[in-house]
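What follows is a short report on a single structure.
No value in this document is a laboratory result; all are computed from the given coordinates. Keep in mind the model is a prediction, meaning the values are calculated, not measured. Ideal geometry is used to build each Cβ from the backbone, glycine not excepted, and the neighbour counts take in all protein chains shown.
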2 protein chains.
Amino acid sequence: MKFLCTKSNLLKGVSIASKAVPSKTTMPILECFMINAYGNTIKITANDMEIGIETVIEGMVIENGSIAVNARLFSDIIRKLPDNEVCIQIIENNQVKITCEKARFVIGYKNIQEFSALPDVIKNQSITISQYSLKKIIGQTIFSIAENESNLMMTGECFEVNGNNLKITALDSCRISIRNISLKENYEKTKCIVPGKTLNDLTKIIEGDMDKDVEIYFSSNHIMFEFEDTKVVSRVIEGEFFKIDQMLSFDYQVKVRANKNELYDSIDRATLLINESDKKPLVMDIKDDHVGIKIKSFSGTMNEEVEILKEGKDLMIAFNPKFIKDALRAIDDEEVSLYMVNAKNPCIIKDENESYIYMILPVNFIPEV
Amino acid sequence: MKFLCTKSNLLKGVSIASKAVPSKTTMPILECFMINAYGNTIKITANDMEIGIETVIEGMVIENGSIAVNARLFSDIIRKLPDNEVCIQIIENNQVKITCEKARFVIGYKNIQEFSALPDVIKNQSITISQYSLKKIIGQTIFSIAENESNLMMTGECFEVNGNNLKITALDSCRISIRNISLKENYEKTKCIVPGKTLNDLTKIIEGDMDKDVEIYFSSNHIMFEFEDTKVVSRVIEGEFFKIDQMLSFDYQVKVRANKNELYDSIDRATLLINESDKKPLVMDIKDDHVGIKIKSFSGTMNEEVEILKEGKDLMIAFNPKFIKDALRAIDDEEVSLYMVNAKNPCIIKDENESYIYMILPVNFIPEV
């Protein structure tokens, strides 16, 4: 194997593929990139068995061949090379030589037989979405997946295509986050649960341009995201997702409309008096034209009033402040509406056309606060 | 106590003073700021018994008084307040109320009797230096102080005033770093050893403006840096500093002149093949018009030639690459000169007028590399 390419192309490829290199593993081959140089194509692949990434880089192949090299070491070397043309070439004794200007590195490589190729995904069902939209709606929901794996289904997000609508749902035991987005075309109905780790890695790789698209391919066991010169293949989480519609009720007795930033900042201030481990509730005391934000902890007390427009009765309700903050942070609107029934039922934050729906369960509190 | 001041003034003062708040301590009072409001002056003080910082902030005192408050909690609260006027006021039950717009915090305070005031430094011997120069020369030497405290003297830097020259020296068991800088006036001879921690904290506080000065006061047990509205007082390390002049010899048999960035980049690339714990030497193979940079480790080998101008004989010499990199990084010149005798004697990197002198001991190596 021998090929030439620029440092910047190589570095871009290496950075993308390294997202599928596990930081800890007992299998040394998973710590490797597979590099294939055949005909006109130089391809870097990494595969941690859950997620696999393959990216093609521009360059000139002089001699066909493939190797597997330690991903971390190879990335470090490429990163530190001068900004010029790089030559990568197999030499004797299972070694590969990396040359750039006057710098010469020689490192060992492994045979690619051990390397697990990416699964083949049959390309018969797909949707197209802009990089911008995909990156955005993942970021606006992924915070509410569950981190521990006691319920595997909660560690992923449900992707659901229906006509020209893509609905993404994430939930843990205390909240639900939903985003709906319109696609440019109508597609066949389909649904799958994508692991949170895959989506996190994906948002780090896709640049998020408005005018660049991502193709998403759905198959029974895998989902594949294809964009520019890169493919990201991930296994999906098996099973039937939660029946979300049965959990959401849009009846309400109190509607509060507030400036999003004012409400967020006030809650943010209040939470500095507590540690997350404290589990102290944030009390919202909803009166005629304002909501009192109240917190009391070992360190002290905080008290603030935020102006609101209210429909319905007065209400005192308490939340885990982190959940309210997460939801408000994910909303771009200047004004938000909160819908509540009473202190025991969930609060729903949504816009008129339900492009977003955030449901948060309240917590118990002692009303004298 | 009651006073008013803007959030930004308060935040600035709090950020400066917090550098003297220890992150871990068994004495809760050390975790506090002392806040004094008397007449027209609002002062925030922190003191961890090694370094003490006092800073004056602008504001309006309505009622005289002093308190000690938990520094971390107080800083967090100030940071999160709206950008507006803040009112700080003692209320009943040893509590202090912090109000800004509609936000009201109430936290406990401690009596200032427990708080150790800063030591009085007699202001009879001082020098003036620009913030820019002081920050710069500290940064260009402090990397070579010793981190562990087996030899206390090596954990500080020696400040030495002689006529209009300030000389700063830092050393550990393998290297010496010296910077000389001209002062605008002539001063009496003086010398002291300043703890490295003090200097690190100081460089974080001084902004480094060319046209703002720092007054440095020397007393027998303390050094005080005074600038703008802030005083930093530190104990000094007692004892006689090393006789550096006896350790430095400027005789040489090989002089190498190289482009600093080329040399640095090449050594930097070579070091990615080794961990610091490896203790692998970097071999410099000095020939007529180039120096071969060579490293060999478990991961692979690296080999690069850097063009040089040479005076004297050929030489093969090896170093801990970190030490060479540290010195080169601290030099602003485009070209650097390295002076060597043989593979067993130190290498000296210095400019013509000795505004900087970096001495580095070589290490043993097996020449077949």
- Item | Calculated FRET value between residue B:249 and residue B:38, using beta carbons and R₀ = 56 Å, to 0.05 | 0.45
- What residues have an amide H closer than 5 Å to that of residue B:222, excluding those fewer than 5 places away on the same chain, when H is modeled at 1.01 Å from N in the peptide plane? B:236
- Task: Report, for residue A:364, each distance to the same residue's label point in the other copies, shortest first and in nm; define the point 7 Å along Cα→Cβ.
- Result: 7.1
- Query: Using a simple spin-label model with points 7 Å from Cα along the Cα→Cβ vector, what separation in nm is obtained for residue A:94 and residue B:104?
  - Reply: 7.4 nm
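Of all beta bridges DSSP finds with both residues in the range A:61-187, what is the antiparallel percent, to the nearest 5?
Values: 25 of 25 bridges.
Taking every DSSP beta bridge within the range A:61-187, about 100 percent pair in antiparallel fashion.
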- Message: Can you list the copy-to-copy distances for residue B:342, using a point 7 angstrom from Cα toward Cβ, in nanometres, shortest first?
- Response: 9.5
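May I ask for the Rg/Rh ratio of chain B, computed from Cα atoms with Rh as the Kirkwood radius, given to two decimals?
On the way: Rg = 25.2 Å, Rh = 23.4 Å.
Expressed as Rg/Rh, it is 1.08.
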- Message: Show me, bin by bin at 5 Å from 0, the whole-percent P(r) of the range A:248-360 based on Cα pairs.
- Response: 2, 12, 24, 26, 21, 10, 4, 1, 0
- Message: Please enumerate, by chain and number, the aspartates and glutamates with C-alpha under 19 Å from the C-alpha of residue B:24, excluding those fewer than 8 residues away in the same chain.
- Response: B:48, B:50, B:76, B:114, B:147, B:149, B:201
- Return the whole-Å distance between the Cα centroid of the range B:108-150 and the Cα centroid of the range B:37-59. 15 Å
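Let me check against my output: what whole-number percent is the relative contact order of the range B:249-360, with C-alpha pairs under 8 Å and at least 6 apart?
Details: 215 pairs, mean separation 35.3, N = 112.
It comes to 31 percent, rounded to a whole number.
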- trypsin sites (Lys or Arg not before Pro), loop per DSSP, at most 14 other Cβ atoms within 10 Å - longest free stretch of chain B: B:25-122
- For the rotation taking chain B to chain A, the chain B residue with the nearest C-beta to the axis, plus the distance in whole Å, reads B:23, 14
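Determine, from the Cβ-Cβ distance of residue A:277 and residue A:200 and an R0 of 25 Å, the FRET efficiency 1/(1 + (r/R0)^6), rounded to the nearest 0.05.
Values: r = 24 Å, r/R0 = 0.97.
With R0 = 25 Å, the Cβ-Cβ based efficiency is 0.55.
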- Query: What value, in deg cm²/dmol to 500, does the helix sum -39500 (n - 2.57) over DSSP H runs of n ≥ 4 give at 222 nm once divided by the residues of the protein assembly as shown?
  - Reply: -5000 deg cm²/dmol
- Top of A:149, A:262, A:207 by mean-square fluctuation, Gaussian network on chain A, Cα under 10 Å: A:149
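Please report, in whole Å³, the volume per residue of the convex hull around the C-alpha atoms of the range B:90-135. Intermediate results must be reported in sequence, preceding the final value.
Numbers: hull volume 8.9 nm³, N = 46.
Cα convex hull per residue, to the nearest whole number: 192 Å³.
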- Query: From largest to smallest, what semi-axes in whole angstrom does the protein assembly as shown give when each is the square root of 5 times an eigenvalue of its alpha carbon gyration tensor?
  - Reply: 52, 47, 18
- Message: Once the label point is set 7 Å along the Cα-to-beta-carbon vector, what list of distances in nm do you get between residue B:90 and its counterparts in the other copies?
- Response: 8.1
- Item | In sequence order, calculated HN-Hα J values of the range A:81-87 (Karplus, 6.51, -1.76, 1.60; Hz; x Gly/Pro) | 5, x, 7, 8, 6, 10, 10
- Message: Take the residue pairs A:123/A:212; A:279/A:322; A:255/A:350; A:7/B:322; B:12/B:123; B:2/B:43 and return only those whose Cα atoms are more than 18 Å apart.
- Response: A:123/A:212; A:7/B:322; B:12/B:123
- Message: Debye calculation, C-alpha points only, no solvent: report log10 I(q)/I(0) for the range B:24-153 at q = 0.13, 0.17, 0.21 Å⁻¹, in the same order as the q values.
- Response: -0.74, -1.05, -1.31
- Message: Could you identify which residue out of A:49, A:153, A:359 has the top mean-square fluctuation in a GNM of chain A using Cα springs shorter than 10 Å?
- Response: A:49
- Between the alpha-carbon centers of the range A:266-289 and the range B:302-364, tell me the distance in whole angstrom. 59 Å
- Item | Spin-label model distance (nm) - residue A:117 vs residue A:298, 7 Å beyond Cα toward Cβ | 5.9 nm
- Note on the structure: Karplus ³J(HN,Hα) for the range A:155-163 (6.51 cos²θ - 1.76 cosθ + 1.60, θ = phi - 60°; Hz, whole; x = Gly/Pro) runs 8, x, 10, 8, 9, 9, 9, 8, x
- Once you treat every alpha carbon in the range A:126-245 as an equal point and sum by Debye, what is log10 I(q)/I(0) at q = 0.22 Å⁻¹? -1.41
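What is the mean number of Cβ atoms from other protein chains located within 10 Å of the Cβ atom of each residue in peptide B:334-346, rounded to a whole number? All intermediate terms of the calculation are to be shown ahead of the outcome.
On the way: counts 0, 0, 0, 0, 0, 0, 0, 0, 0, 0, 0, 0, 0.
Taking the mean over all residues of the peptide, I get 0.
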- Query: To the nearest 0.05, how large is the calculated FRET efficiency for residue A:352 and residue A:260 if R₀ is 22 Å and r is the Cβ-Cβ distance?
  - Reply: 0.90
- Item | Dmax and Rg, reported as Rg then Dmax, of the range A:13-53 (C-alpha, Å) | 10.6, 34
- Item | With Cα atoms, 0 to 90° folded angle of helix B:7-17 axis to chain B main axis | 50 degrees
- Helix B:71-80 sits at what angle to the longest principal axis of chain B, using alpha carbons and giving 0 to 90 degrees rounded to 10? 80 degrees
- Who wins for biggest fluctuation among B:160, B:352, B:85 in a Gaussian network model of chain B, springs between alpha carbons below 10 Å? B:352
- Residue-wise, which Karplus ³J(HN,Hα) couplings in Hz belong to the range A:37-49, taking 6.51 cos²θ - 1.76 cosθ + 1.60, θ = phi - 60°, and x for glycine or proline? 10, 9, x, 9, 10, 10, 10, 10, 10, 9, 8, 9, 6
